[in-house]
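Values in this text are rule-based calculations from the coordinates and carry no lab data. From a predicted model like this one, the values you see are computed outputs, not experimental measurements. Please note: Cβ atoms are built from the backbone with ideal geometry, for glycine as well, and neighbour counts cover all protein chains shown.
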Amino acid sequence: MSKKIMATSFILMLVGLMVISCGKNVQLKEKEKQSPLNPNGDSELAIVMRTMMESGKQMKNEIENKLPPSAYPEEIKTITTAKPTDGMIEDRNVFNGFANFHMATLDSIYYKDVDQKVQFNHMVKSCVDCHENYCHGPIPAIKKLYISAR
Ligand code: HEC
């Protein structure tokens with residue numbers, strides 16, 4: 001076996017570990033819901049993210065059923081300051097660029113005379129865009145939020 005192949009499989013292994021550690025949390029979600037006070041050392045940001053997932057599911061359901069989307073939880077606004085898992089965010093300014101854009105897309109769902117389905121899908125895209133830079137694990141779950149054109 002060449003050194004090159006060994007190096008490649010080592011890198012693949014590292015990538016695999018990273019994906020699992022950012023994805024593992026998602027599988028733990030149900031269990032942790034019962035103990036929201038953070039016994040496993042989950043970061044503030046991770047906890048807000050779970051709220052965002054729940055809120056996103058509810059909003060999708062409302063829009064699909066042609067109901068006005070309920071107000072999103074205020075706590076989502078804390079993504080620009082919430083403490084992340086150590087080492088997750090290198091440059092807060094860069095992160096907050098994604099975060100502020102996300103908030104703008106979220107707010108736009110509530111504007112007058114917009115196609116809420118379209119705006120909602122922009123909002124989901126902004127989740128995916130940020131995740132592609134920081135945390136790949138939850139991306140498949142986030143993509144399930146997209147409302148398909150019908
Ligand atoms: C500005 C960047 C950004 C945006 C926008 C964003 N995320 Fe995240 N998300 C992260 C980061 C970074 C983490 C890892 C947090 C940590 O471990 O501290 C994360 C973690 C998560 C997790 C795993 C939480 C856990 O249990 O550990 C879920 C689920 C999630 N995000 C869903 C979403 C959803 C749904 C949206 C959109 C409604 C979204 N995210 C938007 C950056 C973002």
Check: Could you give the nm distance between label points at residue 85 and residue 54, where each point is 7 Å from its Cα heading toward the beta carbon?
Finding: 2.0 nm
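Between the DSSP loop rule and a limit of at most 13 other Cβ atoms within 10 Å, which chymotrypsin sites (Phe, Trp or Tyr not before Pro) in segment 50-138 are left?
110, 111
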Check: Too long at a 25 Å Cα-Cα cut-off: which of 77/143; 83/117; 57/112?
Finding: 83/117
Margin query: As an exercise, identify the trypsin sites (Lys or Arg not before Pro) in segment 56-116 lying in DSSP coil whose Cβ has no more than 15 other Cβ atoms within 10 Å.
Written below: 66, 112
